[in-house]
Amino acid sequence: MNDHYFSVVPSGDAHRNTIDVRIAGRQVQVETAGGIFSPDGLDRGTQVLLDAVPDPPDTGEFLDIGSGWGPVALTMGLLAPKAQITAIEVNERAAALTAANAVRLGLSNIVVQHPDEVSQAAGFDLIWSNPPIRIGKAALHELLARWLPALNPGGQAWLVVAKKLGADSLLPWITTMLASQSDAEFHVRRAATDKGFRIIHIERSL
């Protein structure tokens, strides 16, 4: 199959479906469609991530890497309505759904952008992500090398990665990459293991 959830313009059924999901401790309705990641609901990895992370700060600049239909960005927006959330997504259909779902839930603090639209100078206080592992190792490394060094001093990133898809080798790579990319000090650790997934925590020192 040549078409993937990380295709810029996915083929397949674009018809939108409304589904019920539970995020940020509440039951909500969101729109999904074919040709995106996990169109039938909250995938297991994202659920593990959202169950593991502490509540976000009340304010700050937050980032969701690879928003899909929006579960991570929407959770951030609901839990921290005074924060500014940037949701990046290359799949045009998924990006449109994240934006539509933010409107549906009354969230005005979420901006959906293609990664190339985000300023290279942008910094983030919090990053939550279920990164698109299946884009391949080289592309994944390029993606993480672009965004993880953008943590502001004191900022934190939380990633969920399946053990079978290389979580244990990704952690030391992140440590080495950050040490080579920045003069800042970063602390990288495995914060939790759940249902075959690893939660990786990255914190930039003040």
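So, R0 is 22 Å and r is the distance between the beta-carbons of HIS114 and ASP43; what FRET efficiency does that work out to, to 0.05?
0.50
Just to be sure I understand: of the beta bridges DSSP finds with both ends in the range 98-206, what percent are antiparallel, rounded to 5?
Close to 75 percent.
Could you tell me the number of lysine pairs in the range 17-204 with C-alpha atoms less than 23 Å from each other, where the two lysines are 8 or more residues apart or belong to different chains?
Lysine pairs meeting both conditions in the range 17-204 amount to 5.
Give me the extension gain from THR175 to ARG26: residue separation times 0.36 nm, minus the current Cα-Cα distance, reported in nm with one decimal.
Details: separation 149, 0.36 × 149 = 53.64 nm, distance 3.56 nm.
Result for the pair: 50.1 nm of gain on full extension.
Choose one answer from ASN130, ASN17, ASN152: the residue with the largest mean-square fluctuation in a GNM of the chain with alpha-carbon springs under 10 Å.
In this elastic network of the chain, the residue with the biggest mean-square fluctuation among ASN130, ASN17, ASN152 is ASN17.
Cα convex hull of the range 32-143: mean projected area in nm², to one decimal?
Here the figure is 6.9 nm², rounded to one decimal.
What is the gain in length, in nm to one decimal, between ALA162 and HIS15 on full extension, counting 0.36 nm per residue of separation less the C-alpha to C-alpha distance?
Length difference between fully extended and current span is 49.9 nm.
Please report the antiparallel percentage of DSSP beta bridges with both residues in the range 17-204, rounded to the nearest 5.
55
Give me the Å³ per residue figure for the convex hull around the C-alpha atoms of the range 17-204.
Convex hull of Cα atoms, per residue: 108 Å³.
Would you mind calculating the relative contact order of the chain from Cα pairs under 8 angstrom and at least 6 residues apart, reporting the percent as a whole number?
Numbers: 422 pairs, mean separation 35.7, N = 206.
Relative contact order for the chain comes out at 17 percent.
Any read-out appearing in this document is the output of simple, stated calculations on the displayed coordinates, not a laboratory observation. These figures come from a predicted structure and were not determined experimentally. Cβ sites come from the backbone with ideal geometry, for glycine too, and all protein chains shown count toward neighbours.
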